[in-house]
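Since the structure comes first, as structure tokens, the remarks are kept for the end.
The values are calculated or read from the model by the stated rules, or taken from the named source; none is laboratory data. Quantities reported herein were computed from a predicted structural model and do not represent experimental measurements. Ideal geometry is used to build each Cβ from the backbone, glycine not excepted, and the neighbour counts take in all protein chains shown. Heavy atoms of the whole protein, side chains included, go into the accessibility calculation; ligands, DNA and RNA do not. Shrake-Rupley method; radii C 1.70, N 1.55, O 1.52, S 1.80 Å.
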Amino acid sequence: MKKREIVKADNDYFMNVFGDRMPIVVDKGEGIKVYDKEGNEYLDFLAGIAVNALGHSHPEFNKTLKNQIDKIIHCTNIYYIEPQAKLNKLLVENSVGDRIFYGNSGAEANEGAIKLARKYFKVRDEDRYEVITTTKSFHGRTLATIAATGQEKYQKPFTPLPEGFKSVPFNDLDALKGAVSDKTCAIMLEPIQGEGGINVADKEYLKGVRELCDEEGILLLLDEIQTGLGRTGKLFGYEHYGIEPDIFTLAKALGNGIPVSALLAKEEVADAFKPGDHGSTFGGNPLACAAAYTTLNTILEEGLVGHTLKMGKYFKNKLNELIEEYDFVKSVRGKGLMIGLEVDLNAKVLVGEALEKGLLINAVSGTTLRFLPPLIVEEKDIDQVVEILNDMFAKYE
Ligand SMILES: *Cc1c(COP(=O)(O)O)cnc(C)c1O
């Protein structure tokens, strides 16, 4: 298809939920680069929104996937599945979770997590069902997960929402304490809010939240969908805080682009799910699990977590230099390779200008540029990006 035909088929037939898309047709990718239909090259510092952790067309990943496709793609969870068993072991042995359940998207993993938190108290005959979340959070697009998402713009068009959710300001422990009642079953948070603007939880805050949960006998549910799997320079975001969640969720990078999500919980919590309580047709199928196993295994074996920490520091130092250079560059936020650059300019316009200069990034909030490169990124790539930013910013001086 020609580019204009592709754009027309989108305009004519696709539900207009994404508005005007960025004006390129992505055609293929290799490493940290993607190419459009016209052969133009882009540095992919968005990685499909924190998905392509290993970059594009990773040889070992692609080989594993091709082999699995030739063996079997899907059966059902009625049967035992070897790639799933291997993934169970790898994920549980490398995290604080004891048991796991697979879904197909982040929202779905969070739905499962909310169900599990409620069931945990049901089996104890306690009438606790309310989930406290934070404002500016993002937990997905299903009805329950928009109820959990503390942003009115996602909720308002779809009322009535499921009951039992309220949100309080992020990084405000007193607000959380004030919101806990005898109906509260869980506190649900992202260690670093992604869609809400790359807002990092303070160390004291998250430690305080853990203590609050322990005191009140309620569950801590961490949404690690964006922060998980090495993105922040630790395998999981909670490792930065020296705390352990009772339940946590993973998606985005888990399948390196193959849709798969996971819900993990401590044994005592997971035990609340009984046969028939939850399920999924596709969740945890052989292809998805082979993809996730290879992704996680590669992240671990290639030392990509430590590499991410190192590259994140390098990148942040370079971005901090831009603050010195330009008055309108305000601050750098984030951990590892989950970075937000706050500017006193229209971030959306800058994202368009970056695209024209061969750089893919996006805007979260009107004034924050978000960088989420593949974890395999190198110093030279970061240098190139900083050069592009310098180029872009120079004209605003
Ligand atoms: C992306 C995201 C989700 C939703 O994931 P989907 O796969 O789009 O359903 C939920 N929580 C966080 C923190 C996310 O970044």
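In whole percent, and with a 1.4 Å probe on the protein chains, what portion of the accessible area of the stretch 263-397 is carbon and sulfur? Kindly include the intermediate steps, with their values, before the conclusion.
Values: 2650 of 5710 Å².
Carbon and sulfur together cover 46 percent of it.
Just by accessible area at a 1.4 angstrom probe, what is the order of 127, 98 from largest to smallest?
Numbers: 127 95, 98 70 Å².
Result of the area sort, largest leading: 127, 98.
Assigning unit charges at the beta carbon (Lys, Arg +1; Asp, Glu -1) and nothing else, what dipole magnitude in debye, to the nearest 20, does the stretch 72-301 show about its Cα centre? Spell out each step's value before the answer.
Working: 24 positive and 32 negative charges, 134 e Å.
Using Cβ point charges on Lys, Arg, Asp and Glu, the stretch 72-301 gives about 640 debye.
Treat the stretch 177-245 as a sphere of radius equal to its Kirkwood radius over Cα pairs and apply Stokes-Einstein at 10 °C in a medium of 1.306 mPa s; give the translational diffusion coefficient in µm²/s, rounded to a whole number. Walk me through the numbers on the way to the answer.
Numbers: Rh = 12.5 Å.
Reported coefficient: 128 µm²/s.
Which lysines does residue 66 reach when only Cα atoms under 25 Å apart count, and residues fewer than 8 places away in its own chain are ignored?
Output for residue 66: 28, 33, 37, 86, 89, 252.
So if I place +1 on the C-beta of Lys and Arg and -1 on the C-beta of Asp and Glu, and nothing else carries charge, what would the dipole magnitude of the stretch 258-397 be about its Cα centre? I want it in debye, nearest 20.
Working: 14 positive and 21 negative charges, 62 e Å.
Magnitude of the dipole: close to 300 debye.
What list of ³J(HN,Hα) values in whole Hz, one per residue of the stretch 304-316 in order, does the Karplus curve 6.51 cos²θ - 1.76 cosθ + 1.60 (θ = phi - 60°) give from phi, with Gly and Pro shown as x?
6, 6, x, 4, 4, 4, 5, 5, x, 5, 4, 4, 5
Share of antiparallel DSSP beta bridges in the stretch 117-276, in percent to the nearest 5?
Values: 6 of 21 bridges.
In the stretch 117-276, DSSP labels about 30 percent of beta bridges as antiparallel.
Find which of 114, 133, 143 sits farthest along the positive direction of the dipole of the stretch 72-301, computed with +1 on the beta-carbon of Lys and Arg, -1 on that of Asp and Glu, about the Cα centre.
My answer, from the dipole projection, is 143.
So who's got an amide H within less than 5 Å of the one on residue 339, skipping anything under 5 residues away but keeping other chains? H placed 1.01 Å off N, in plane.
Under 5 Å from the amide H of residue 339 lie the amide H atoms of 371, each far enough along the sequence or on another chain.
Once Rh for the chain is found with the Kirkwood sum over Cα pairs, what is the Stokes-Einstein diffusion coefficient at 25 °C and 0.890 mPa s, in µm²/s? Please list the in-between numbers first.
Details: Rh = 21.9 Å.
D = 112 µm²/s.
Within the chain, what percent of beta bridges assigned by DSSP are antiparallel, to the nearest 5? Can you show the working numbers first?
Details: 31 of 48 bridges.
For the chain, the DSSP antiparallel bridge percentage is about 65.
Could you run the Karplus curve 6.51 cos²θ - 1.76 cosθ + 1.60 with θ = phi - 60° over the stretch 282-299 and give me ³J(HN,Hα) per residue in whole Hz, x for Gly and Pro?
7, x, x, 6, x, 5, 4, 6, 4, 4, 5, 4, 5, 4, 5, 4, 5, 4
Per-residue HN-Hα couplings for the stretch 44-58, Karplus 6.51 cos²θ - 1.76 cosθ + 1.60 at θ = phi - 60°, whole Hz, x for Gly and Pro?
8, 9, 10, 6, x, 6, 6, 9, 7, 4, 8, x, 8, 6, 4
Quick check for me: using +1 on Lys/Arg Cβ and -1 on Asp/Glu Cβ, what's the dipole size of the chain about its Cα centre, in debye to the nearest 20? If you can, show how the numbers build up before the last one.
Values: 47 positive and 60 negative charges, 173 e Å.
I would put it at about 840 debye.
Could you order 165, 236, 282 so the one with the most accessible surface comes first? Probe is 1.4 Å. Could you put the intermediate results ahead of the total?
Values: 165 35, 236 0, 282 130 Å².
Largest to smallest exposure gives the sequence 282, 165, 236.
Count charges around residue 328 for me, please; just the other residues with Cβ under 9 Å from its Cβ, Lys/Arg as +1, Asp/Glu as -1. Working shown, then result.
Details: positive: 330; negative: 327, 344, 397.
Around residue 328, the surrounding residues sum to -2.
Can you tally the net charge around residue 338? Count Lys and Arg as +1, Asp and Glu as -1, for every other residue whose Cβ sits under 10 Å from the Cβ of residue 338.
Numbers: positive: 231, 333, 335, 370; negative: none.
Its environment carries a net charge of +4.
Counting helices only, and only those DSSP H runs with n ≥ 4, report the 222 nm mean residue ellipticity of the chain as the sum of -39,500 (n - 2.57) divided by its residues, in deg cm²/dmol to the nearest 500.
Values: 14 runs with 156 residues, N = 397.
About -12000 deg cm²/dmol.
Taking every DSSP beta bridge that has both residues in the stretch 90-206, what percent is antiparallel when rounded to the nearest 5? Don't skip to the end; give the middle numbers.
On the way: 2 of 10 bridges.
If we restrict to bridges inside the stretch 90-206, about 20 percent are antiparallel.
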